[in-house]
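Chemist: I am attaching a structure below and will ask some questions about it afterwards.
What follows draws every value from the coordinates through simple rules; no lab data is involved. As the structure is a prediction and not an experimental result, all values here were calculated from the model. Positions of Cβ are generated from backbone atoms using ideal geometry, with glycine treated the same way; all protein chains shown enter the neighbour counts.
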Amino acid sequence: MKIKLLAVVALVAILATGFISFNRNEEAQKGEAKVGLNIGDIAPELAYPSPDGKVIKLSDLRGKMVLIDFWASWCGPCRRENPNVVKAYNEYKKMKFKNGKGFTVYSVSLDGSKDRWVQAIKKDNLTWKYHVSDLKKWNSAAAYTYRVPSIPSNYLIDGDGVIVAKNLRGQRLAVTLESLLAKRR
């Protein structure tokens, strides 16, 4: 009796595994990416409040090339990197990419003080409109979701929300954006 029961359980397991593999192969054939943090994955959703309290969802920016930028007002390396992000934003915000129209930044602050966060946005001339924070510093749910080990840290996603590059600093951001531009005729 035990042998028959084990045989049935094994058969069910084999069939289930085959069904799961079939579904995964079917998804891959359709070109559907999985949600994850690797290049080629769909970037996980983020939805956090802006300085004025309005929740901004990352998915609301679909159709654009987006830099998800993790930073904080108290982070010296972040503040030194901000001029590079500002320069790239100003240069590429109206450009057409292979998979996205325009470039913007979704800034995720790991600040704990709204006042210091807002002051840094103004002082560093971060003129894009997508600034969010849960004001929990390193306990930020967004930083946890993206497994951010240090800041500055960033992810570049295309118009479909697919991660195309990570941790672009200095001139690497502009070089990468340039390589993703639509061909001009």
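Chemist: Any idea what the dipole of the range 25-150 comes to, in debye rounded to 20, about its Cα centre with Lys/Arg Cβ at +1 and Asp/Glu Cβ at -1?
Modeler: Numbers: 22 positive and 14 negative charges, 102 e Å.
Roughly 480 debye for the range 25-150.
Chemist: Over 26 Å between Cα atoms: which of LYS57/LYS93; LYS136/LYS166; LYS122/LYS183; LYS54/LYS137 fall into that group? Kindly include the intermediate steps, with their values, before the conclusion.
Modeler: On the way: LYS57/LYS93 19 Å; LYS136/LYS166 23 Å; LYS122/LYS183 35 Å; LYS54/LYS137 19 Å.
With Cα atoms farther than 26 Å apart: LYS122/LYS183.
Chemist: Next question. Determine, for MET65, MET95, the number of other Cβ atoms within 10 Å of each Cβ, and report the residues in order from fewest to most. List each step's numbers first, then the result.
Modeler: Values: MET65 26, MET95 16.
Final ranking by Cβ density, sparse to dense: MET95, MET65.
Chemist: Could I ask something else about it? Expressed as a whole number of Å, what is the distance separating the alpha-carbon centroids of the range 45-72 and the range 73-117?
Modeler: 11 Å
Chemist: Still on this structure: Using a/c under 1.5 as the rounded threshold, could you call the range 47-179 rounded, prolate or oblate? The axes a ≥ b ≥ c are square roots of the C-alpha gyration tensor eigenvalues, and prolate needs a/b larger than b/c, oblate otherwise.
Modeler: prolate
Chemist: Related question: Have a look at the range 32-111 and give its Rg and Dmax from the Cα atoms, expressed in angstrom.
Modeler: 13.7, 39
Chemist: I need the peptides 46-59, 81-94, 149-162 ranked by packing, meaning the mean over residues of other C-beta atoms within 10 angstrom, with the highest value on top.
Modeler: Highest mean packing first, the order is 149-162, 81-94, 46-59.
Chemist: Then there's this: Assign one of three labels to the range 133-185, namely rounded, prolate or oblate, based on the Cα gyration tensor with a ≥ b ≥ c the square roots of its eigenvalues; rounded applies when a/c is under 1.5, prolate when it is not and a/b is larger than b/c, and oblate otherwise.
Modeler: It is prolate, given that a/c is not under 1.5 and a/b is the larger ratio.
Chemist: Right, next: Could you give the dipole magnitude of the range 56-103 about its Cα centre, charging the beta-carbon of Lys and Arg +1 and that of Asp and Glu -1, in debye to the nearest 20?
Modeler: That gives the range 56-103 a dipole magnitude of about 280 debye.
Chemist: Something else about it: Work out the length of the dipole vector of the range 110-185 about its Cα centre, built from +1 on the beta-carbon of each Lys and Arg and -1 on the beta-carbon of each Asp and Glu, and round it to the nearest 20 debye.
Modeler: About 180 debye.
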